[in-house]
Amino acid sequence: MKQIQLGSSGITIFPLIFGTLPLGPLQAGLSPADGGRLIRHALERGITMLDTAALYKTYPHIRAGLEGWQEQVTIASKTHAADAAGARLHVEEALRELKRDRLDIVHLHGARIADPFTERAAVLEELLMMKEEGKIGHVGLSSHYIAAFRKAALHPEIEVIHPMINRTGMGILDGSAADMAGAIAVCARSGQGVYAMKALAGGNLISEARQSLAYVAGLASVHGVAIGMLSEQEIDANIAFFEHGTMDEELWTKLESRRRRLRIMEQFCKGCGRCVETCGSQALSMPAGKAVVDDAACILCGYCGAACPEFIIRVV
């Protein structure tokens, strides 16, 4: 299988990374056993890296998938904590839940923070301390802000970055896809490993999956792409693309036309109402201060996802 160096980190990966967010309660809500079977299928076919986070609640799925697995696997997690104590709790929870002594990568996750080096300085210091303690292999940064990665290029203590990048620029908070591509290229030239998130814009680009994946995978500065996958067929199709560059027309037509629905992560909804204002189909409402979708009226255009400042609306 193809192997890629993740920058200067010393980590070698297959360029397709299993994004575990969709497995858990925030999206598909698979049981740990069912999610674990998908993870194990991916590992057996050559995927070598899993991406998770404290927010995802997918540690049980990963633990089930890794049970009895003897080969090397890289695990990256994230902390969204606003303070050092919270960050340490997140790392210790991950170690406990995954039954590991060390996490390969832990990202300071500041999706909506333009300058995490100022606003989350204490968190970064704590992660670096836990690296010294041997609990973390490499400290990373994940964000939806171009400005955050422009700063990251000047911080060699950040060894891996996890930027939002997709063909349309959907979800990027301070510029275009081209702007983000430029920022992460500087990081890659600085030796930082780069693996992308949201290549399909949280599911909004599924109907254009082939060209969307080809765009992100084709960026020279991107070493890997994390993709959420919910079926063995989807896993196999993505592996074939990242290994051989092939996309079976019949299979991908089926994948791109599969039934989808809008999912709103209601626990993170702040009730701003921008999605309701954007929806031309009148499929969204806020009966109790939280956005709710009428599936019968929703045409899955995805415009509400682009309007949501919290990026918590997905087509799944």
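The values are calculated or read from the model by the stated rules, or taken from the named source; none is laboratory data. The structure displayed is predicted, hence computed values, not measured ones. Note that each Cβ is placed from the backbone with ideal geometry, even for glycine, and that neighbours are counted across all protein chains shown.
Taking residue 303, is it within 30 Å of residue 12 (Cα to Cα) and hydroxyl-bearing (Ser, Thr, Tyr)? When the stated conditions are applied, residue 303 does not pass them.
Answer yes if at least one residue in the stretch 245-256 is modelled with pLDDT under 90 and more than 30 Å from residue 220 (Cα to Cα), and no otherwise. No, the stretch 245-256 contains no residue that is modelled with pLDDT under 90 and more than 30 Å from residue 220 (Cα to Cα). Restricted to the stretch 264-309, and to residues that are under 20 Å from residue 29 (Cβ atoms) and touching a helix residue (DSSP H, G or I) at 6+ places or on another chain (Cβ under 7 Å), which residue is surrounded by the fewest Cβ atoms within 10 Å (Cβ to Cβ)? Result: 290.
Within the stretch 24-35, how many residues are within 18 Å of the chain's Cα centre (by Cα) and either assigned to a helix (DSSP H, G or I) or over 21 Å from residue 316 (Cα atoms) (or both)? Give the steps one after another, and end with the answer.
At the first step, the residues of the stretch 24-35 found to be within 18 Å of the chain's Cα centre (by Cα) are 24-30, 35.
Still in the list and also either assigned to a helix (DSSP H, G or I) or over 21 Å from residue 316 (Cα atoms) (or both): 35.
Final tally of qualifying residues: 1.
Checking each residue in the stretch 96-124 for being buried (at least 18 other Cβ atoms within 10 Å of the Cβ), closer than 15 Å to residue 54 by Cα, at pLDDT 95 or above and out of contact with any His (no Cβ under 6 Å at 6 or more places or on another chain) picks out 98, 103, 104, 106, 108, 123. When the residues of the stretch 111-124 are filtered to those that are touching a residue at least 12 places away in the same chain (Cβ under 8 Å), assigned to a helix (DSSP H, G or I) and not aliphatic (A, V, I, L, M), the one that is nearest to residue 157 (Cα to Cα) is 117. For the stretch 282-311, the candidate set comprises residues that are part of a loop (DSSP other than H, G, I, E, B) and small (Gly, Ala, Ser); within that set, the residue that is farthest from residue 198 (Cα to Cα) is 288. Being in the same structural domain as residue 157 (by TED's automatic domain parsing) and either more than 20 Å from residue 218 (Cα to Cα) or surrounded by fewer than 14 Cβ atoms within 10 Å (Cβ to Cβ) (or both) is a property that residue 38 has.
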